[in-house]
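Here's the structure, in C-alpha cells; my notes come after.
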Amino acid sequence: MTESVNPPRIAGWLLLPLAWLIMTMLTSALVVAMYLSPLFNTELRTTLFSHGGMLLTQWSVSLLTAGVVWAYSIWVCWIFCKRSRRLPRHYILWLLMTVLLALKTFAFTPVADSKAIQTLLLSLLAAAVFVPYFKRSQRVKQTFIQP
C-alpha cells in the first residue's frame, strides 16, 4: 500500500517572505492607483496632457512599470500559495527586480534622499536574507515541489 506524501504547509519562516511579497503587492497596487489618479482629476489631466510628450512619456513609463511589478507580484504570490517548484527562481528574480527599482528610485526620482535610501536598504536587506534562504533551505526544497 502506498501513501501519498504531502509537502509541508507554508508555515514558519516561509511566512516572512510571503508577508514581504504581499506587502510589496499591496504597495504596487497603491502606486498604480496613484499613477491613475490624474486621469480622474480634470486639473491634473490637463497638466499631464498639455506639457508635451516628455511628461506624458515619463508618466506612462512609470505607470507601466508599476503595473508590471503589481502583476508579477500577484503571479509570484499565486505560485507561492500553490507551492510550485518554479517559485524559488521567480521569487529570487522578483527580489532582484525590487532592488533594481529601489536603485532607480534612488538615482532618478525626485524624492527625499532619506526615503530613497530607506527603500533601497529594505530591498537590499530582504534580498540579502531571502535569496540565500531560498537557495539553501531544505524547507523550501521540500515545500515547493508541485508542478
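Structure data summary
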quantity	calculated
Residues of type lysines that residue 82 reaches as a straight line, Cα spacing below 27 Å, ignoring anything fewer than 8 places off in the same chain	135, 141
15 Å beta-carbon shell around residue 129, net charge (K/R +1, D/E -1)	+3
Two-site FRET efficiency, residue 13 against residue 104, from Cβ-Cβ distance with R₀ of 30 Å, rounded to 0.05	0.50
Average projection area in nm² (convex hull over Cα atoms of region 69-116, one quarter of hull surface)	3.7
Computed [θ] at 222 nm, deg cm²/dmol, the chain (DSSP H ≥ 4; -39,500 (n - 2.57); rounded to nearest 500)	-26000 deg cm²/dmol
0 to 90° range, to nearest 10: angle between helix 113-136 axis and the chain longest Cα axis	20
Pair residue 125, residue 64: separation of 7 Å Cα→Cβ label points (nm)	3.4
Segment residue 135-residue 22, extension gain: residue separation times 0.36 nm, minus the distance between their alpha carbons	38.6 nm
Rg to Rh quotient for region 34-114, alpha carbon positions, Kirkwood Rh	1.10
Whole-percent pair-distance distribution, where bins are 5 Å wide, for the alpha carbons of region 11-73	4, 18, 20, 19, 13, 10, 6, 5, 3, 2, 0
Accessible-area ranking of 117, 79, largest first, probe 1.4 Å	117, 79
Accessible solvent surface per residue of the chain, calculated while the other protein chains remain in place, 1.4 angstrom probe, Å²	66
Computed label-point distance, nm, for sites residue 113 and residue 45 using a 7 Å Cα→Cβ extension	4.0
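The values are calculated or read from the model by the stated rules, or taken from the named source; none is laboratory data. These numbers come from a predicted model, not from an experiment. Every residue, glycine among them, receives a Cβ derived from its backbone with ideal geometry; neighbour counts consider all protein chains shown. For the accessible areas, the whole protein counts, side chains as well, though only heavy atoms, and no ligand, DNA or RNA atoms are used. Shrake-Rupley method; radii C 1.70, N 1.55, O 1.52, S 1.80 Å.
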